[in-house]
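Below is one structure, written out as structure tokens; comments come after it.
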Amino acid sequence: MSTSILENGKLKPGIYQVRNIGVNFTKVQEDVGNLLCVGGHPPSGEGLWDFQPLGPGYSIRKVEPKDSSKPDRYCTVLEGLGEGSAIAVSPYPTAWRIETVRNGTIRIFWSTTKMVWDPAPWREGENERKVQLFPSRNTGTGQDWWLTPARENAT
């Protein structure tokens with residue numbers, strides 16, 4: 001995460017591409033309601049998320065093409081709140097806590113809990129992993145995410 005997206009130590013509202021740094025996956029995309037970490041270099045304008053203040057946290061909204069008739073969809077947890085709960089999208093915004101971690105990365109927490117976005121374990125032959133909630137840990141970087149402003153994605 002570049003310092004240009006921080007203001008007074010907090011994330012500036014805006015549109016970002018979200019990339020996980022610990023598992024070498026390059027974007028987070030929606031697939032049938034769940035979020036997936038996906039390998040490969042995404043085309044410009046895909047896999048973008050709009051981070052906006054919501055109470056003390058941020059809503060995270062899927063950015064759709066301008067000509068899309070799809071309703072707004074926000075990151076949330078649809079079923080249960082525990083270890084392994086899938087991050088999904090819904091028409092209802094949820095507040096996520098964003099914390100800067102190290103080397104310009106962030107962690108995305110569910111509200112006031114210690115549960116963070118974490119790619120599911122690797123399975124042989126998979127190119128995708130669902131994004132799930134898992135307790136925050138101090139080791140490794142699998143729970144750390146880079147944010148790239150949308151304008152920097154344009155080629």
Which one is nearest to Thr113 (Cα to Cα) among residues in the range 68-96 that are surrounded by 14 or more Cβ atoms within 10 Å (Cβ to Cβ) and charged (D, E, K, R)?
-> Arg73
Any strands (runs of 3 or more DSSP E) falling wholly within the range 4-43 and containing at least 2 residues that are modelled with pLDDT of 80 or more | 14-20
Residue, modelled with the highest pLDDT, within the range 113-155, restricted to residues that are of a type in the set (D, E, K, R) and part of a loop (DSSP other than H, G, I, E, B) = Lys114
Considering the range 68-93 alone, what residues qualify as being small (Gly, Ala, Ser) and either assigned to a loop (DSSP other than H, G, I, E, B) or more than 17 Å from the chain's Cα centre (by Cα) (or both)?
-> Ser68, Ser69, Gly80, Gly82, Gly84, Ser85
Within the range 44-67, identify whether any single residue is in a loop (DSSP other than H, G, I, E, B) and surrounded by 19 or more Cβ atoms within 10 Å (Cβ to Cβ), and answer yes or no.
-> yes
Being among the hydroxyl-bearing types (Ser, Thr, Tyr) and part of a loop (DSSP other than H, G, I, E, B) is the filter; apply it to the range 94-112 and report the residue that is farthest from Val28 (Cα to Cα).
-> Thr112
Please identify the pairs in which a residue from the range 37-55 that is among the polar types (S, T, N, Q) has its Cβ atom under 8 Å from the Cβ atom of a residue that is at pLDDT below 70 and surrounded by 12 or more Cβ atoms within 10 Å (Cβ to Cβ), counting only partners at least 6 apart or on another chain.
-> Ser44/Asn153
Pairs under 8 Å by beta carbon, first residue more than 17 Å from Gly33 (Cα to Cα) in the range 76-104, partner modelled with pLDDT of 85 or more and surrounded by fewer than 12 Cβ atoms within 10 Å (Cβ to Cβ), six or more apart or different chains?
-> Ala95/Gly55; Ala95/Pro56; Arg97/Pro56; Arg97/Thr112
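The values are calculated or read from the model by the stated rules, or taken from the named source; none is laboratory data. This structure is a prediction, so every number in the text was calculated from the model and none was measured. Cβ coordinates were reconstructed from backbone atoms using ideal geometry, including for glycine residues, and neighbour counts include every protein chain displayed.
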